[in-house]
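Here's the structure, in structure tokens; my notes come after.
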């Protein structure tokens, strides 16, 4: 039976992906779970596994093509089976028409171009995300020049806002008294920003404020830089654009609150040394492995922190998939150690090493990339003592930990030196309250301060 291989959604915010490389050719057999292609998303290049076996009958998306999520990229059939016509027909109907050569536009007289009616949004080559963003921002897609393959419009091509001059009425068109116009001119006030209280909404002198708030610095309207300052625009990578969008969405949608605690890691560091003395150099346990294991145990006792907020309910996740923030040259990704509830400390350590290595090589699997339910951000290697982290959507919380430092502490009435780590939990207030967050974080603290509890 023929199977349509489509562009997968590798993350809740993914809307399209690019086929980087095919590892199988047409006519070759594949087995279920075999990697057949590499897909580039906004965040990383990941391996695409066949979800069924068969023969690669047709590669629809060539290398380098950007395909929306759910779009057909290949067809698998049984040996000797013909490709059903409806599969390719449906794919052809869904695919946007090829853009005309760039020279064609130049050959059209300017007068004709100006008179020609604009193309409808449906006729314009644009990604689903670009269409949504254009609709939200009131942008006419036919006025945008796409920078994607074959002139396709992507999210990067959509301006943040339509130039105000397009929508703002001319000063002469504004209903205002002569005195109001003069006062506004003298005071440096834009009449288009005022609401008139006179007859028919006419702006009167009473509507013109005495002063306008002084600007911090004179800004060039064209470059956005202070006057006299030399600057240049640097294009953001797809990953950086995605990070910007996701973090803003999280900050605006999720009401963050924070609880912090000092964790005495003295016993944990000694425990780690004892464990590593019995292991090969390639198998050693890191401090972050201890934190991930403690987080997984605490989540099992406080399952609310393994949930997603969904409109009017919580999606309670069974598997505890702890994402670890990995800083790449191109940006931050949060791949996950899946099934932490069933993994030993050594199992988590092995999974973490493998995950970081493949994140850096761009060979993550889909389930590692998109299935996380909680995340840990560790900046201890940068000698950062404490920080707060933005929740990685749609998670309910994220744990931020700093470096382990020796500090004087009071024990049994005497001064002692302890190894202290500061930890801060960012929580979505829609999911949990302060007391619940405190109990969860204290649970992690107790586990790390009694490290034998991580292995029994």
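The values are calculated or read from the model by the stated rules, or taken from the named source; none is laboratory data. These numbers come from a predicted model, not from an experiment. Every residue, glycine among them, receives a Cβ derived from its backbone with ideal geometry; neighbour counts consider all protein chains shown.
The table below lists the values:
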item	result
Qualifying residue in segment 413-426 (condition: farther than 20 Å from residue 340 by Cα and part of a helix (DSSP H, G or I))	no
Residue identified as loosely packed, with under 14 Cβ neighbours inside 10 Å and within 25 Å of residue 381 (Cα to Cα) among 274, 312, 264	274
Residue match in segment 289-298 (condition: assigned to a loop (DSSP other than H, G, I, E, B) and either more than 23 Å from the chain's Cα centre (by Cα) or surrounded by 15 or more Cβ atoms within 10 Å (Cβ to Cβ) (or both))	no
Residue list for segment 45-69, filter: on the phi > 0 side of the Ramachandran plot and touching a helix residue (DSSP H, G or I) at 6+ places or on another chain (Cβ under 9 Å)	64
Subset of segment 5-40 [surrounded by fewer than 18 Cβ atoms within 10 Å (Cβ to Cβ), touching a residue at least 40 places away in the same chain (Cβ under 8 Å) and over 30 Å from residue 250 (Cα atoms)]	21, 29
For residue 18: the one exception among (1) farther than 21 Å from residue 236 by Cα; (2) assigned to a strand (DSSP E or B)	(1)
Among residues of segment 378-402, those that are in contact (Cβ under 8 Å) with a residue 24 or more places away in the chain and assigned to a helix (DSSP H, G or I), counted	1
Unique match (being under 16 Å from residue 449 (Cβ atoms) and either in a loop (DSSP other than H, G, I, E, B) or in contact (Cβ under 8 Å) with a residue 24 or more places away in the chain (or both)) among 245, 272	272
Tally of residues being part of a helix (DSSP H, G or I) and at pLDDT 80 or above across segment 202-218	2
Per-region count, segment 10-21, residues at pLDDT 75 or above and either closer than 22 Å to residue 79 by Cα or touching a helix residue (DSSP H, G or I) at 6+ places or on another chain (Cβ under 7 Å) (or both)	2
Selected residue [surrounded by 19 or more Cβ atoms within 10 Å (Cβ to Cβ) and within 30 Å of residue 45 (Cβ to Cβ)] from 357, 396	396
When residues of segment 157-195 are limited to those that are at pLDDT below 70 and touching a helix residue (DSSP H, G or I) at 6+ places or on another chain (Cβ under 8 Å), the one farthest from residue 236 (Cα to Cα)	171
Residue ranges of strands (runs of 3 or more DSSP E) in segment 22-106 with at least 3 members under 30 Å from residue 332 (Cβ atoms), in contact with a strand residue (DSSP E or B) (Cβ under 9 Å, 6 or more places away or on another chain) and modelled with pLDDT of 85 or more	35-40, 66-68
Subset of segment 417-441 [free of Cβ contacts under 8 Å to residues at least 12 places away in the same chain and touching a strand residue (DSSP E or B) at 6+ places or on another chain (Cβ under 7 Å)]	417
Matching entry among 454, 447, 364 (being touching a helix residue (DSSP H, G or I) at 6+ places or on another chain (Cβ under 6 Å) and at pLDDT below 95)	364
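Let's see how each residue does on (1) over 23 Å from residue 437 (Cβ atoms); (2) touching a residue at least 40 places away in the same chain (Cβ under 8 Å):
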| residue | (1), (2) |
| --- | --- |
| 289 | yes, yes |
| 295 | no, yes |
| 314 | no, yes |
| 319 | no, yes |
| 326 | yes, no |
| 329 | yes, no |
| 336 | no, no |
| 347 | yes, no |
